1. Of 288/405; 131/169; 297/467; 103/139; 9/287, which sit over 32 Å apart, Cα to Cα?
2. If you find the alpha carbon centre of the range 150-216 and of the range 401-459, how far apart are they in angstrom?
3. Dividing the Cα convex hull volume of the range 292-415 by residue count, how many Å³ per residue is that?
4. Could you put 294, 234 in order, starting from the residue whose Cβ has the fewest other Cβ atoms within 10 Å?
5. Just to check I understand the Karplus step: with θ = phi - 60° and J = 6.51 cos²θ - 1.76 cosθ + 1.60, what whole-Hz values come out for the range 332-349, glycine and proline as x?
6. To one decimal place, what Kirkwood hydrodynamic radius in Å is obtained for the chain from all pairs of distinct Cα atoms?
7. Could you check the spin-label model distance between residue 171 and residue 253? Points 7 Å from the Cα along Cα→Cβ, value in nm.
8. In whole Hz and in residue order, list the ³J(HN,Hα) couplings for the range 33-45 that follow from phi through the Karplus curve 6.51 cos²θ - 1.76 cosθ + 1.60, θ = phi - 60°; x for Gly and Pro.
Amino acid sequence: MANDGKALKEKLFKDKRNGWQNLSDEELKNIFQYADEYMYFLNNSKTEKEIVQNSKEILIKNGFVDISERETLNPGDKVFYVNRGRCLYAAVMGQDPVESGLKVVAAHGDSPRIDLKQSPLYEDSEIAMLKTHYYGGIKKYQWTNIPLSMHGTIVKPDGEKVNICIGEKDEDPVFTICDLLPHLAAEQMERKLREGVQGEELNAMIGSIPYDSDDVSEKVKLNVLKLLNEQYGIKEVDFASSEIELVPAFKARSTGLDYSMIAAYGQDDKVCCYAGLRALLNVEAPKKTAVCVITDKEEVGFNGVTGMYTRIFDGFVTELLEKTGNNKISALDRTFSNTKALSADVDAAYNPNFPSAFEKNNSAFFGRGMSLVKYTGARGKSGASEAPAEFVAEVRRIFDQAGAKYQSCELGKVDKGGGGTIALTLANRGMDVLDVGVPVMGMHSPYEVTSKFDVYQAYKGYQAFLK
Ligand code: MN
Ligand code: MN
């Protein structure tokens, strides 16, 4: 009988050791410091507009300029373009011509949330209420009886823009959507979980003091409008041209006695936005032009002028070509077909509370690094792009050389559900694309959880890829 089994196993089996083990003191310090910076960023970047604004400020502080300020571009130049305040493309110009291809890390800044309808305000039993329409795939019952803050913009016909952010400061009021008490919920409890709380039951409370006058009806609604008018100069009709979002008012917090995890709203996909952004800041005159994307509208299917299907992105790349002296008509297509991209988005982390949803051999686990997802989709890989094995191998080599830890996985068991990412929008343009992100537990809930180890590996991995 051979007794070299142990050595042979070590040689042939996949290394599934927990990433927290065998870390140097310095690496450990870096992980926790990066996590603190990320949590600070999250607390100030809850909406797609805020994350773009904050990212833009970080870019400017680090020497990036608006691409419109440059007539020509040279290797090492750092530029960005903000698309309608909702998505952002940033680039560090490479030494090779743009047409030889880009290195792209693309994440999305929008997260599931509760939007106000365009005619939201009404009064019922002397409470002023807000009608909402949820955004993205949520389990609606999770969004009741939690503190919600109100973020958004109202634009008046004359162009004046009013920004709103209520509920983030300690002294601010918050808003909430009230569920039914269990004592009276016998009927509700018979509903399927999907309908436990229905879309039209997601109405938030905004006030309860009536306007002190005898000669009007809807006094509470009137009082709320009076307060809004005094503070923001708006009238009821102005909601028609508004984008107001209710998001969890919680702050990002370290989680676990060992501080190893992060619980926060919107980590899908701000965790990858931040990693991509921070990675790009460390790139100086790379071989290939390095591009970081923070797109919008991922959670509702990538469409629209700020989604990843938008040709505004193509326009940005065309500008990179033109400002480096390439006006050939075919240059854009050739650039895309030479481009390598990471679709930087989160994956489902194995959840010990619901093991039956996961297939353990192909699940992402906390503490094992980035999630490397060759294909997404549902029902037989439908509806998504699949990365070619050649490109997966190339990315593995880059991560291995950088010591950035990854695990290959897919989203849950076959036929349990599924999901998609913007990978296909890039692949359809002709790029090689692989989904690489961070495992998240409780994804799309108001309080998503990640492992600080994995969060840091994404930063390390994206950096190595862009360099
Ligand atoms: Mn996502
Ligand atoms: Mn998502």
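Just so it is clear, none of the values below were taken in a lab; they were calculated from the coordinates. These numbers were taken from a predicted model, which means no experiment stands behind them. Positions of Cβ are backbone-derived with ideal geometry, glycine not excepted, and every protein chain shown enters the neighbour counts.
1. Pairs exceeding 32 Å: 103/139; 9/287.
2. Value for the Cα centre distance between the two parts: 32 Å.
3. 148
4. Working: 294 32, 234 18.
Arranged by neighbour count, lowest to highest, 294, 234 become 234, 294.
5. 5, 4, 5, 4, 4, 6, 9, 8, 10, 10, 10, 7, 8, 9, 7, 10, 6, 7
6. On the way: mean 1/r = 0.0421 Å⁻¹.
Across the chain, the inverse of the average 1/r is 23.8 Å.
7. Result for the modelled spin labels: 2.4 nm.
8. 5, 4, 4, 4, 5, 5, 5, 4, 4, 4, 5, 10, 9
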